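The values are calculated or read from the model by the stated rules, or taken from the named source; none is laboratory data. These numbers come from a predicted model, not from an experiment. Cβ placement follows ideal geometry from the backbone for every residue including glycine, while neighbour counts extend to all protein chains displayed. The accessibility values were calculated without ligands, DNA or RNA, using every heavy atom of the protein model including side chains. Shrake-Rupley method; radii C 1.70, N 1.55, O 1.52, S 1.80 Å.
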Amino acid sequence: MLKVEHIEVYYGDLQVLWDVSFEVRQGEIVVLLGANGAGKSTTLKTISSLLSPGPGTITLQGRRLDAVPPDKVIEYGVAHVPEGRRLFSEMTVEENLIVGALKGEAKAKREETMKWVYSLFPRLHERKKQPAGTLSGGEQQMAAIGRGLMSLPKLIMFDEPSLGLAPILVSEIFGIVKTIHEQGVTVLLVEQNVKHTLAMCDRAYILENGRVTMTGTGEEFLNNPQVREAYLGV
Amino acid sequence: MEVFLQTLVAGILKGGLYALIGLGMTLIMGVMGIINLAHGQLMMIAMYVTYVLFHYMGVDPYYALIVSMPSLFVLGMLIQRFLLNPLMKVEAILPENQVLMTVGIGMVLTEVIRFIFSSNYLSAQTSYSSEVRFVGGISISYPLSIAFVVATVLTLALFWFLIKTDLGRSIRAVSQDPEAAELMGINAERIKIITMGLGSALVAAAGTLLLPIYYLYPDIGGPFTRRAFVITILGGLGSTVGAIFGGVTLGLAEAFGSTYIGMEFEEMIGLVIFLLVLLFLPGGFKRLTKV
Ligand SMILES: Nc1ncnc2c1ncn2[C@@H]1O[C@H](COP(=O)(O)OP(=O)(O)O)[C@@H](O)[C@H]1O
Ligand SMILES: [Mg+2]
C-alpha cells in the first residue's frame with residue numbers, strides 16, 4: 001500500500017536519513033522502532049510531504065505521494081497524528097475534529113464520522129465544548145487520534161502516541177490503535193515503546209541513526225536475542 | 001456630569017471603529033505571526049477610494065463601503081501573494097523581516113497617493129457630517145453613531161465567520177499551528193492571502209466610516225498604524241476579543257484626553273496608556289480575560 005524507497009532527507013545541510021526504504025501492506029500494523037533522534041519523525045514528515053525525500057520516492061497504492069504539496073496528502077487517504085499531539089489548543093475538541101474533515105467525502109460524512117470517534121472515545125464527547133489545550137495528556141492524545149480519523153484515512157500514521165503518558169493510559173492508547181486497525185484502517189506506528197508494540201504489530205523495522213538496520217515480523221523480533229538485549233533489556 | 005457622559009459615549013463610539021482597525025491587525029498578526037506596519041496606510045487608501053467616489057461621483061460614503069471593502073480585500077491579497085509570501089521562501093530572510101517589508105509597502109502607498117492627490121488636506125463634507133442627535137440631554141454625533149453600528153455589525157459578522165464556517169476555522173487553525181493545519185489539508189499560503197485580504201477589508205471599512213468626520217491627507221496612515229499597534233498590544237497580541245477591548249479603551253482614552261486635557265493631546269494619551277500597559281500589564285487584556 002505504502003512504499004517508501006531510498007529516501008535521503010536533510011535539514012539544511014544536515015543529513016538525517018540515509019537510503020531509507022520500507023513498506024506497509026494493506027491491512028497491516030507496521031511499527032517503526034528507534035531511539036530518540038533516530039529519524040522516525042523525520043520519516044513520517046517526509047511521507048506527509050513536509051520534507052523532501054531527495055532522490056527517493058514515496059508511493060501510495062501506486063500513486064506518487066512525493067511532489068504532492070503537504071496539504072494535499074490527506075486527500076490520498078493518509079492521516080498523520082503528529083508527535084506531541086499538535087492540537088489547535090484554543091479551539092474546542094469538537095472544532096479540532098471538524099478541522100480534521102474539511103474536504104470531499106470526509107466533509108460530507110462529518111457528522112457520522114464524529115459519532116464514530118465519540119464512540120471510540122466517550123471522554124471526548126463529554127469534553128467536546130472544552131478548549132483542546134485544557135485537556136489532560138491522555139485526552140489530548142485521544143483528540144489528536146480522533147482528529148486524524150475524521151479524514152476517513154486508508155492509512156493512519158501515529159508518531160509516538162504513548163509519549164509522556166502514564167502506563168495505564170499507554171495500554172489504553174495502544175488498545176485504541178488496535179481497535180482502529182480492526183475496523184479496517186492500515187496502521188504505521190512510530191514508537192520507542194518496544195514491549196507493547198512488537199506484540200501487536202505484523203511487521204517491524206528498526207531505524208538507527210537514520211538507517212534501517214533490521215526488519216522482520218513482530219514475533220521474529222521478540223525471539224531475537226540481539227533485540228531482546230538492546231531494546232527489552234533482557 | 002453631562003460633559004462626562006458625552007465624552008464617555010463619544011469614546012465608546014470611536015472605540016467601535018478602533019476595534020475594527022484592531023481586529024484586522026490582530027487577524028493578520030495571528031495568521032502571519034507578524035505585525036502589519038502598513039495597516040494605517042491601507043486604511044488611508046480606502047479613505048481615498050471613498051473620497052473619489054464621493055467627490056467625483058457623488059456616492060454617499062456609507063454606500064462607498066460596497067466598493068472600498070472589496071477593493072482593499074483585493075489589494076491586501078495581492079500584497080500578500082506577491083510581496084509577503086515570496087519572502088517566506090527565501091531561507092536567508094527571517095520571517096520577522098516581513099515586518100520591514102510592510103513598512104516599505106506603507107511608504108510606497110503613501111507616496112503613490114501623494115503623487116496622485118498631492119499633500120493637500122481633503123474632506124468629504126456630507127450633509128450629516130456635523131449633525132448631532134440629542135439623547136437625554138447629551139449630544140451624539142450622527143456619523144459616529146452610524147459608524148459604530150456598522151462597525152458592530154461587521155464585528156459580529158466576523159466572529160460568526162471565524163466560528164461557524166470552515167474557512168474561518170481554517171484561519172484559526174493556521175494561526176494556532178500552521179504545520180498541523182497543513183496536515184489537515186489546509187493550504188496555509190492560501191489562508192494567509194485570504195486573511196490579509198480580510199484584515200485589509202476590515203480596516204478599509206473603518207477608513208470609509210471615518211471619512212465624513214476626518215480630514216484626509218497622504219500621511220494619515222502613520223497615526224492609524226500606530227493606533228492599530230497600540231490596540232493590538234492592549235488586546236494581548238493576537239486575541240480577537242482582546243482587540244475589541246483594546247479598541248474601546250483607546251477610543252475612551254482619546255475622548256477623555258481631548259475633553260479634559262486638550263485636543264492636541266489626543267494621540268499622546270493613547271501612547272501613555274500604551275506605555276502603562278506595557279509596564280504594568282504585559283500581555284495586555286488577554287491576561288485578564290483569558291480569551
Ligand atoms: N527541524 C530540524 N532541524 C534540524 N535538525 C533536526 C530537525 N528536526 C530533527 N532534527 C534532527 O534530525 C534527527 C532525527 O530527528 P527525528 O526525526 O525527530 O528523530 P526521532 O523522531 O526518531 O526522535 C535528530 O538528530 C534531530 O536532532
Ligand atoms: Mg520523534
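Projected label points at residue A:6 and residue A:178, each 7 Å from Cα along the beta carbon direction, are separated by 4.0 nanometres. Tell me, what % of the accessible area of the stretch A:24-180 is carbon and sulfur with a 1.4 angstrom probe? C and S atoms contribute 52 percent here. Compute the distance in nm between two label points, each set 7 Å from the Cα along the Cα-to-Cβ direction, one at residue B:89 and one at residue A:228. It works out to 5.6 nm between the two label points.
I need the calculated FRET efficiency for the pair residue A:166 and residue B:12, taking r as the beta carbon distance and R₀ as 60 Å, to the nearest 0.05. That gives a FRET efficiency of 0.75. Where in the stretch A:15-46 does the label zone of residue A:213 land, with the point 7 angstrom along Cα→C-beta and an amide N cut-off under 20 Å? Residues passing the 20 Å test: A:15-23, A:31-44. Mean per-residue shielding of peptide A:214-226 is 0, counting Cβ atoms of other chains within 10 Å of each Cβ.
Computed extension length for residue B:156-residue B:60: 32.2 nm, one decimal, from 0.36 nm per residue of separation with the Cα-Cα distance subtracted. Taken one residue at a time, the phi angles of the stretch B:120-127 give Karplus couplings (6.51, -1.76, 1.60, θ = phi - 60°) of 4, 6, 10, 8, 10, 7, 8, 4 Hz. Gly and Pro are set to x. Summed over the residues of the protein assembly as shown and divided among them, the accessible surface reaches 43 Å² per residue at a probe radius of 1.4 Å.
Looking at the stretch A:123-234, what % of its DSSP beta bridges pair antiparallel, to the nearest 5?
Of the beta bridges lying entirely in the stretch A:123-234, close to 55 percent run antiparallel.
Rounded to the nearest 5, the antiparallel percentage of DSSP beta bridges internal to the protein assembly as shown is 60%.
Summed over both chains, the area buried between B and A is near 1900 Å², taken from the accessible surface of protein heavy atoms with a 1.4 Å probe. A Förster distance of 51 Å, applied to the separation of the beta-carbon atoms of residue B:146 and residue A:136, puts the FRET efficiency at 0.55. 3J(HN,Hα) along the stretch A:117-124, derived from phi through the Karplus expression 6.51 cos²θ - 1.76 cosθ + 1.60 where θ = phi - 60°, amounts to 4, 5, 6, 6, 10, x, 5, 5 Hz, with x in place of Gly and Pro.
Computed over protein heavy atoms with a 1.4 Å probe, the carbon and sulfur contribution to the accessible area of the stretch B:2-227 reaches 69%. Accessible-area loss of 50 Å² or more (1.4 Å probe, protein heavy atoms, chain alone versus all protein chains) is found in the stretch B:182-200 for B:182, B:183, B:184, B:185.
Write down the percent of antiparallel bridges among all DSSP beta bridges whose residues are both part of chain A, to the nearest 5. Walk me through the intermediate numbers first.
Numbers: 20 of 38 bridges.
That works out to approximately 55 percent antiparallel.
Based on DSSP H segments of at least four residues, each scored -39500 (n - 2.57), chain A has a per-residue ellipticity at 222 nm of -9500 deg cm²/dmol. Listed by chain and number, the lysines whose alpha-carbon sits under 16 Å from that of residue A:154, ignoring those within fewer than 8 places in the same chain, are A:3, A:72, A:103, A:107, A:109, A:178.
Where a ≥ b ≥ c are the square roots of the eigenvalues of the C-alpha gyration tensor, would you call the stretch A:1-90 rounded, which needs a/c under 1.5, or, failing that, prolate if a/b is larger than b/c, or oblate? Here the stretch A:1-90 falls in the rounded category.
Once backbone amide H atoms are built at 1.01 Å from N, residue A:80 has A:157 as its partners under 5 Å, excluding neighbours fewer than 5 places away on the same chain.
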